[in-house]
1. Hydropathy first: keep DSSP H helices in the chain averaging at least 1.0 on Kyte-Doolittle, then drop any whose Cα extent along the axis falls short of 18 Å, and list what survives.
2. Tell me which residues come under 5 Å, amide H to amide H, from S259 once H is placed; ignore anything under 5 positions away on its chain.
3. Going by how many other Cβ atoms sit within 10 Å of their own, how do E158, E315, E519 line up, fewest first?
4. At what distance in angstrom do the alpha carbon centres of the stretch 145-217 and the stretch 644-712 lie from each other?
5. From the backbone phi of the stretch 225-235, what are the Karplus-calculated ³J(HN,Hα) couplings (6.51 cos²θ - 1.76 cosθ + 1.60, θ = phi - 60°) in whole Hz, Gly and Pro given as x?
6. So what is the relative contact order of the chain, in percent, for Cα pairs below 8 Å that sit 6 or more residues apart?
7. Past 31 Å, Cα to Cα: identify those pairs from K406/K465; K399/K529; K129/K160; K116/K528; K31/K470; K462/K700, in the order given.
8. Using all Cα-Cα distances in the stretch 98-137, what percent lands in each 10 angstrom bin from 0 up to the longest?
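Readers should treat all values here as calculations from the given coordinates under stated rules, not as data from a laboratory. The shown structure was predicted, so the numbers you read here are calculated from the model rather than taken from an experiment. Quick reminder, even Gly has a Cβ in these numbers, built from the backbone with ideal geometry, and neighbours come from all protein chains shown.
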Amino acid sequence: MSKFTRREFIGSVAAASIIAKTTPAQKHSNKIDRFALVNRHNPVLNSFEIMSPLSVGNGEFAFTCDVTGLQTFPELYREKFPLCTMAQWGWHTIPRPEHLVGKELKLTEYDTYGRKVGYHTHTNTPEQKQLFDWLRQNPHRLHLGQIGLKLTKADGNEAKPEDIKNIEQKLDLWTGIITSKFEFEGKSVLIKTCADPIKDLIDVSIDSQLIFSGKLSVKISFPYGSPDMHATDWNSPEKHISQLIDSRIIRQLNNDKYSVGVFWQGKAQINEESKHLFLLKGNGKKLDFSVHFINPNDKNVALYASLGRTPKDSERFWKQFWTTGAAIDLSEIDDKRAQELERRIVLSQYLTAINCSGSLPPAETGLTTNSWYGKYHLEMHWWHAAQFALWNRLPMLEKSLDWYLKVLPSARERAKQQGYDGVRWAKMTAPDGRDSPSPIGPLLIWQQPHPIFYAELVYLTKPTKTTLKKFQQIVEETAKFMADFAVFDAKTNRYILGPPVIPAQENHPAKETWNPTYELEYWRYGLKKANQWRERLGLKREAKWDEIVVKLSKLPEKDGVYLAHENCPQTYTERNIDHPSMLAAFGVLNGEMVDKETMRRTLKKVMKEWNWADTWGWDYPMTAMTAAKLGETEIAIDALLLDTPKNHYEKNGHNYQRPNLPLYLPGNGGLLYAIAMMAGGWKNSPKGNAPGFPKNWKVKAENLNLWVLTEI
């Protein structure tokens, strides 16, 4: 299919769907029963499974509950998998200590080819350490409010987890509704929980005789903010305000304000039980209510507009989600691993939709818990959300791209401060775009070409002048920094990246690292693509960008395999941990500078010798993509399903990493990107159905955005 033919279609997700339906790789597939596909993977819990709480949400807001359908026993989960209520706008800043007011964090200077460049990487005094930590931890994402049951036993004491019997909880993925059934002191309780598709609101329906008897009511309580994983400080009631006015609770934590609307159907009342704790009590057998967390920037919020409508709206939203995007069915495959892989694929679609499709780049744990204080790592944005474009859900990626335009001034100031042209994107940041201090983060560069990649995903799906103009500044300014960062070495007649630089495999010292393999290939891609954008806009190509592409250093290799970077010693004791990022040069990217046989040897060496227990969740799909492109399809499946602690997916679909990181959404998003590529193909991929899967796997795929897959 030619580019001319593709561009005759309207630039939209619908257009991509038309292309997908007429592409040879998919046209012979039988139609997938999507309802059956999704529903065979509905998570079901029959006990307090601490590592698998279920969530509802909409990309801007998420609510995570225990087996009661609410946050009734949060202390049980607090240190393992906290039950949080979070929204994209929900941030808190602890006031800067008085003795640090007006103080600036001193930069650590690194020699950069004869000039000094400063980075926020180290501290050398206790005061600087305090400032370093405060800047790193603030702002942090806020737990907006805890909503749980107050269950009172016959003896007057509140229920404990062991008092909850005959548990049966199911998340219906097709409707986005969690149904929770259990018994308490011989009485049944039925609770349905869902999130509004648009508002930051949960809707709850409770059916139990315990309501009428006064043994069941609803607790709504509010913590002070905390940078910890659970995002709560319950021991500082004097530091914040919770004021009930009618059915609206006004919240203030230092300079951060928001409000919470509580509304219900039928006879009920809400009262303040104690400071920051409110009780909602019903007078019948049923209690249907909604809790609306209100963005302080929303001036004209209709509090009661969703009352009684939310479950139906949720059903419509999720039905549309599952029926209009892509789908992949592995049920006809004999290999016993296929069922588990399909489960991960389905659940990852749900989890990335509610956590990674909002108006801001997502944190590693999305809106589920705090990771790195709830801040987002821009090098990970790709792993969360690039997959949306491939699954014909481009708007779920595009929504967050406007943020890059908003923080352009901050990124431009960062580059200018360091003596570079263009914009330098932060590594770890919050809504303001400010780079958080870190021994590692400020020296990373592989997030830099990402916005060009995102822009190309949008353009390939919507090839219009509007798209070109919208992203022109982002592409241009990003490329300017990339060109300025590359240093020309006259002796060797080549351009070099670093030092200082820390590669994607972060266990290499900045002063001793240059020409990391993945980053070299990505620099080539970014600068070539930026000049292509100039041509699309009718502008003259930038000659220097072309020169850098031609004279960029070769990918470093030794003993027949690619290295992490050019100065990577074979004796480096930790070189086989963290990300095997050299594989990304011919997995994530198409590897124009890659020698396939060298990469094949690298892949097999990594599979055999890498310390997989010391990796991260996205390393497995990254490895699978490289294997697939090399025709090593069995290795691709092996990589996706390697039995290691970092590649474990819980019942709720979350990718566990470690005790303070119970979920890791880049693993889910990376899996979806790899699966889409393996099923739909890539640039110059072999013909036939699902070229990245073993030939004996009967893969059924529908509606993948194949034009993007085969052009990106």
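1. Helices meeting the span and hydropathy rule in the chain are 665-680.
2. For S259, whose amide H was placed from the backbone, the distant partners under 5 Å are R251, I294.
3. E158, E315, E519
4. 35 Å
5. x, 8, x, 5, 4, 7, 6, 9, 10, 8, 10
6. This gives 15 percent for the chain.
7. In this structure, K129/K160; K31/K470 exceed 31 Å between Cα atoms.
8. Per 10 Å bin, starting at zero, the Cα-Cα P(r) for the stretch 98-137 comes out as 29, 47, 20, 4 percent.
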